[in-house]
Amino acid sequence: MPDQVRRLLLLRHAHAGFAESGGDIERNLSERGLTEALEVGRLMATEGFIPDLAVISPAQRTRQTWAQVQKRLPTAVQCLYENRIYEAGIAALLDVLGAQPDSRQTLLLVGHNPGMQGLALKLTGRGSKNAVVRLRHEFPPASLAVITFPDTRRWADIDERSGVLEHFMTPSPVI
């Protein structure tokens, strides 16, 4: 990837169970979610979507999603837990994105809907028609949107509809 291209990976946490105690932030992944997250990690490794930095919501389900994904990646990835991602809207997610170090070419945000889908739609200006249509329609648990930004030198310069939706993938259904 040329130096001027930035790649953003937006990952919604995998399927979660119900909160037993501690409220929404403490919800764990279900068995299905644990399997989904491993599959997303495998897909990321196979496709070469390896982040330089993972920025993760502090919610238990996002932390568990990342832990499962990381098991399938070929190398350890630095991660940062960011409180502003939990239940964040598009503006807050853009602030988080803009604050990331420009030395990192590929960033992964692990968060929640509707923020992940909203951010992906706001940033995507073009891409494969099928992927864009799917993204508009759904962003189910464990979905990954891969958006590239050609000729973008700083994360703070990312602008509305400036990205190219390179891939939109979901893990195979668990039966």
Sum up the charges of everything whose Cβ sits under 13 Å from the Cβ of L97, counting Lys and Arg as +1 and Asp and Glu as -1, but leave L97 out.
0
Within the chain, what whole-number % of the accessible surface is contributed by carbon and sulfur, with the 1.4 Å probe and all protein chains included in the calculation?
48
Cut-off 10 angstrom, C-alpha nodes, Gaussian network model of the chain. Which of L80, L34, L43 fluctuates the most?
L80
Under the 7 Å Cα-to-Cβ spin-label approximation, D102 and R161 lie apart by a distance in nanometres of 2.6
Rounded accessible area of S57 (nearest 10 Å², 1.4 Å probe)
0
Counting alpha carbon pairs within less than 8 Å and at least 6 residues apart, what relative contact order, in whole percent, applies to the chain?
31
Residue-normalised 222 nm signal for the chain, counting each DSSP H run of n ≥ 4 as -39,500 (n - 2.57), nearest 500 deg cm²/dmol, is -10000 deg cm²/dmol
Report the full-extension gain for the segment N130 to D95: residue separation times 0.36 nm, less the Cα-Cα distance, to one decimal in nm.
9.7 nm
I'd like to check one number: the per residue accessible area of the chain, probe 1.4 Å, reported in Å² as a whole number.
47
Quick check for you: which residues of segment 76-119 have the amide N under 20 Å from the point 7 Å beyond the Cα of E138 toward its beta carbon?
111-119
Test item: Cα-centred dipole of the chain, Lys/Arg +1 and Asp/Glu -1 on Cβ, debye:
320
Two-decimal log10 I(q)/I(0) for the chain, as the Debye equation yields it once each C-alpha is a single scatterer, q = 0.09 Å⁻¹
-0.27
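The values are calculated or read from the model by the stated rules, or taken from the named source; none is laboratory data. Being a predicted model, the structure only gives us computed values, none of them experimental. Glycine also receives a Cβ, built like all others from the backbone with ideal geometry; neighbour counts cover every protein chain displayed. Ligands, DNA and RNA are excluded from the accessible area calculation, which covers all protein heavy atoms including side chains. Shrake-Rupley method; radii C 1.70, N 1.55, O 1.52, S 1.80 Å.
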